[in-house]
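J.: One structure follows; several queries about it will come next.
Every number here is computed from the coordinates shown, using simple stated rules; none is lab data. Just so you know, these numbers come straight off a predicted model, no measurement behind them. Here Cβ is always computed from backbone atoms with ideal geometry, including for glycine, and neighbour counts include all displayed protein chains.
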Amino acid sequence: MEPRKSTESIVIHCSATKPTMDIGLNEIRKWHVKENGWRDVGYHYIVRRNGEVELGRRHDDTGAHAAGYNHKTIGVCMVGGMADDNSAENNFTDKQWTAVKDLLNQIKVDYPGLKIIGHNEISSKECPSFDVQEWLNG
């Protein structure tokens, strides 16, 4: 484990999977370890389509989810975010929206004052397939 020295933000991601793909921690961990050669899954939390929150890396461990920002962020991945034609799509379930709101509130208890951002705010990716700031302020 490589502990983070500071925590400034929570970065929201999507798994870039279609709604029919009911995946979670085990599948994403395999992708990250086998395909990327990482030591573990890159995210700290994964929110499955049924609203279940799975723990990835320890919350105080340095993640592997946002290049240049891992040393100061917590990564939350929502399963989904891709349409059948492989384009970005906000296709998350009501249970996911409820679970991610609850999770963010829980994280902010341990880390008050954190900024919540989408991966697309710090990279050229479409991830998480929705505008996080609009969602937070909506």
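J.: Given Y111, Y45, which one is within 20 Å of S9 (Cα to Cα), among the hydroxyl-bearing types (S, T, Y) and over 12 Å from the mean Cα position of the chain (by Cα)? Can you show your working first?
T.: Details: Y45 fails: over 12 Å from the mean Cα position of the chain (by Cα).
None of the others qualify; the one that does is Y111.
J.: While we're on this one: Take the residues in region 27-67 that are part of a loop (DSSP other than H, G, I, E, B) and among the acidic types (D, E); name whichever of them is nearest to K5 (Cα to Cα).
T.: Of everything passing the filter in region 27-67, D60 is nearest to K5 (Cα to Cα).
J.: State whether the residues of region 99-119 include one that is small (G, A, S), out of contact with any Phe, Trp or Tyr (no Cβ under 8 Å at 6 or more places or on another chain) and farther than 18 Å from H44 by Cα.
T.: Scanning region 99-119 turns up at least one residue that is small (G, A, S), out of contact with any Phe, Trp or Tyr (no Cβ under 8 Å at 6 or more places or on another chain) and farther than 18 Å from H44 by Cα.
J.: Let me ask another. With the condition kept exactly as written, say whether any residue in region 1-18 is among the aliphatic types (A, V, I, L, M), farther than 23 Å from K72 by Cβ, more than 12 Å from the chain's Cα centre (by Cα) and in a loop (DSSP other than H, G, I, E, B). Show your work before the answer.
T.: Step one: of region 1-18, the residues among the aliphatic types (A, V, I, L, M) are 1, 10-12, 16.
Retained after the next criterion (residues that are farther than 23 Å from K72 by Cβ): 16.
Now drop any that are not more than 12 Å from the chain's Cα centre (by Cα), which leaves none.
Checked against the condition, which is being among the aliphatic types (A, V, I, L, M), farther than 23 Å from K72 by Cβ, more than 12 Å from the chain's Cα centre (by Cα) and in a loop (DSSP other than H, G, I, E, B), region 1-18 yields no hits at all.
J.: Among the residues in region 68-89, are any within 14 Å of V11 (Cα to Cα), under 15 Å from the mean Cα position of the chain (by Cα), assigned to a helix (DSSP H, G or I) and of a type in the set (D, E, K, R)?
T.: yes
J.: Report, by residue number, each residue of region 105-133 that is closer than 30 Å to D85 by Cα and among the aromatic types (F, W, Y).
T.: Filtering region 105-133 for residues closer than 30 Å to D85 by Cα gives 116-133.
Scanning region 105-133 gives a single hit, F130.
J.: Hey, another quick one. Give the residues of region 1-47 that are surrounded by 15 or more Cβ atoms within 10 Å (Cβ to Cβ), within 21 Å of M82 (Cα to Cα) and of a type in the set (A, V, I, L, M), sorted by residue number.
T.: Those that are surrounded by 15 or more Cβ atoms within 10 Å (Cβ to Cβ), within 21 Å of M82 (Cα to Cα) and of a type in the set (A, V, I, L, M): V11, I12, A16, I23, L25, I28, V41, I46, V47.
J.: Looking at region 87-102, is at least one residue loosely packed, with under 13 Cβ neighbours inside 10 Å, among the β-branched types (V, I, T) and touching a residue at least 12 places away in the same chain (Cβ under 8 Å)?
T.: yes
J.: Does I46 qualify as being within 19 Å of N137 (Cα to Cα) and of a type in the set (V, I, T)?
T.: Against the criterion (within 19 Å of N137 (Cα to Cα) and of a type in the set (V, I, T)), I46 does not qualify.
J.: Being in a loop (DSSP other than H, G, I, E, B), without any contact (Cβ under 8 Å) to a residue 40 or more places away in the chain and surrounded by 15 or more Cβ atoms within 10 Å (Cβ to Cβ) is the filter here; which residues of region 103-122 pass it? First the steps, then the outcome.
T.: Step one: of region 103-122, the residues in a loop (DSSP other than H, G, I, E, B) are 111-114, 122.
Now restrict to residues that are without any contact (Cβ under 8 Å) to a residue 40 or more places away in the chain: 112-113.
Within region 103-122, none qualify.
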